[in-house]
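To keep things clear, I will list the structure first and then write my remarks on it.
The values are calculated or read from the model by the stated rules, or taken from the named source; none is laboratory data. The shown structure was predicted, so the numbers you read here are calculated from the model rather than taken from an experiment. Ideal geometry is used to build each Cβ from the backbone, glycine not excepted, and the neighbour counts take in all protein chains shown.
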Amino acid sequence: MVIAERTADAALKALRQTLKHSRTAELRMDWLSSSAEISRLIMRLNVDRKKACVIATMRRRAAGGRYSGGLHEQMSWLRLAAESGCAWCDVEVESAERLDKFGLDELRQVGARAMISFHDFRGTPRDLKTVVRRLGRCGGDAIKIAAQARTIEDSARVLALAQRKRNVVAVPMGEVGLPARVLALRAGSALAYAAADQATAPGQLSADEMRGMYRAEKLDRRTSVYAVIGNPIAHSLSPMMHNVAFAARKVNAVMLPFHVTDLKDFLAACPKFGVKGFAITLPHKQTIIRHLDGCDPLAAKIGAVNTVVVRGNGKLYGYNTDYVGVLRALSSRVELKGSRVLLLGAGGAARAAAFALVEAGALVSICARRDAQSAALARDAGCEAISRAKLKGDFFDAIVNSTPLGLRESDASPLRANELNCRVVMDMIYRPMRTKLLKLAERRGIETVSGAEMFIAQGIAQWEIWMGERAPAEIMRRATLAALKREEKRAGK
């Protein structure tokens with residue numbers, strides 16, 4: 001757990017709290033506001049090495065830190081921290097290369113060991129072996145490589161360093177590197193980093209996320225890895241919902257969010273991470289089909305896949321559980337057989353909804369931004385296309401939004417209030433739980449269905465496909481709704 005505070009008082013308080021939860025902490029002394037605060041911290045620091053392992057870091061600006069002093073001052077501060085009980089000192093390679101051969105011995109003389117670190121905040125070096133050799137020449141007791149991952153393959157290459165050698169710390173940075181951060185200990189890294197409060201590197205998760213949601217310290221070589229992929233992906237609650245279910249059933253598995261801009265990049269990295277299955281969100285639900293080795297007939301008919309099983313031989317088999325989610329969420333409010341339903345959108349989620357509703361006997365009309373898309377989906381699913389100009393004068397039993405409008409912008413809605421001529425409005429978006437569209441419907445006295453209902457139902461179906469047994473459905477439901485309500489409370493909605 002990384003402690004980065006501006007004052008000595010705040011740093012010491014954070015250290016005391018941190019050591020209640022983790023035996024290992026990094027003290028970022030370079031974040032302190034002045035030399036006086038650094039001195040005040042060290043004078044009051046008294047770590048018992050038998051009870052805790054504290055890493056002292058005084059990273060200079062040239063290596064991405066905040067310390068602007070000289071090399072001699074930097075090493076003096078680190079030595080004082082070691083004398084106060086810090087078991088390790090993180091010395092960036094730019095400083096370590098300027099020390100004479102006895103430079104690190106001063107730290108060892110007072111009982112500390114040296115970690116030589118390399119940071120690249122722009123990308124992952126092509127030749128990581130050269131970086132390892134450079135770090136090794138500095139004579140430290142461990143090496144650390146932290147690099148910004150531009151691709152998932154980058155993060156896999158950084159993790160692979162930890163598998164080859166002891167006393168290596170591997171830190172893929174950035175949103176793309178997040179799954180590899182969680183899997184660092186599983187891959188053999190000597191340490192994995194989490195923020196006690198303030199994140200100090202791109203993509204650094206909080207301690208609560210690392211230990212609570214992902215159980216990072218409990219993952220091992222036998223842990224099955226599942227993924228949810230998309231762009232964007234940070235908003236997804238799939239990892240939380242599935243990880244709660246894994247924990248409840250004591251399944252040695254974890255779900256991680258992969259920010260995927262290039263499907264080939266993710267698919268090539270799947271064997272390296274040991275991915276056993278993955279969920280798919282925007283914008284990959286249709287594109288993924290061309291990469292599959294097999295597909296459930298219903299998913300093939302829909303032309304969109306949101307769930308993939310990776311079989312023992314690495315073959316990919318696709319399913320669609322959005323279909324189930326739509327029916328379970330909407331059928332409790334509307335008798336679908338014979339009802340008129342307006343479906344907004346023509347993407348992957350819309351395809352699942354259209355086929356599901358038609359199969360349930362509903363009379364479906366499709367309205368999308370482009371008339372050609374509406375017509376194509378209507379033709380495939382056996383329903384009708386309708387232009388937006390006709391909506392004001394028409395009435396539907398239900399309106400279902402499958403577009404992403406409202407996901408990124410809380411004030412966006414695919415329809416205006418005077419176009420909501422219906423008994424029920426359902427939004428497939430679940431974050432926020434009350435979108436602008438649903439708020440407009442509520443003001444007109446129209447019954448609403450949150451996308452959370454569909455999300456939970458499709459997630460339960462996914463879990464059962466992957467695990468081959470009934471899911472802890474009520475646990476998944478309670479955890480998801482509680483998380484969404486906490487978010488809305490924080491946002492003041």
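For the stretch 148-178, filtered to residues that are under 14 Å from the mean Cα position of the chain (by Cα) and of a type in the set (Val, Ile, Thr), the residue that is farthest from ALA63 (Cα to Cα) is ILE152.
State whether the residues of the stretch 414-427 include one that is surrounded by 19 or more Cβ atoms within 10 Å (Cβ to Cβ), under 32 Å from the mean Cα position of the chain (by Cα), of a type in the set (D, E, K, R) and closer than 28 Å to GLY361 by Cα. Within the stretch 414-427, one or more residues are surrounded by 19 or more Cβ atoms within 10 Å (Cβ to Cβ), under 32 Å from the mean Cα position of the chain (by Cα), of a type in the set (D, E, K, R) and closer than 28 Å to GLY361 by Cα. Looking across the stretch 398-457, the residues that are part of a helix (DSSP H, G or I) and of a type in the set (Asp, Glu) come down to GLU419, GLU442, GLU453. Among the residues of the stretch 29-62, the one identified as buried (at least 20 other Cβ atoms within 10 Å of the Cβ) and among the small types (Gly, Ala, Ser) is ALA56. Scanning the stretch 259-301 for residues that are over 21 Å from ARG150 (Cβ atoms) and of a type in the set (Ser, Thr, Tyr) turns up just one, THR281. Only one of the numbered conditions (1) at pLDDT 95 or above; (2) under 30 Å from LEU12 (Cα atoms); (3) aliphatic (A, V, I, L, M) is violated by ALA196, and that is (1). Taken together, the criteria exclude GLY303 from residues that are without any contact (Cβ under 8 Å) to a residue 12 or more places away in the chain, closer than 22 Å to ALA227 by Cα and not assigned by TED's automatic domain parsing to the domain that holds VAL449. Going by what's in this entry, would ASN320 be described as crowded, with 23+ Cβ neighbours inside 10 Å and at pLDDT 95 or above? It is true that ASN320 is crowded, with 23+ Cβ neighbours inside 10 Å and at pLDDT 95 or above. With the structure loaded, tell me whether SER117 is of a type in the set (S, T, N, Q) and surrounded by fewer than 23 Cβ atoms within 10 Å (Cβ to Cβ) or whether it fails that test. So SER117 fails the test.
Within the stretch 458-479, the residues that satisfy the criterion of being farther than 28 Å from CYS422 by Cα, assigned to a helix (DSSP H, G or I) and not small (Gly, Ala, Ser) are ILE460, GLN462, TRP463, GLU464, ILE465, TRP466, MET467, GLU474, ILE475, MET476, ARG478.
Close Cβ contacts (under 7 Å, 6 or more residues apart or on different chains) running from residues in the stretch 223-241 that are within 14 Å of PHE278 (Cα to Cα) to residues that are in a loop (DSSP other than H, G, I, E, B) and small (Gly, Ala, Ser) comprise VAL225/GLY274; VAL228/SER236; GLY230/SER236.
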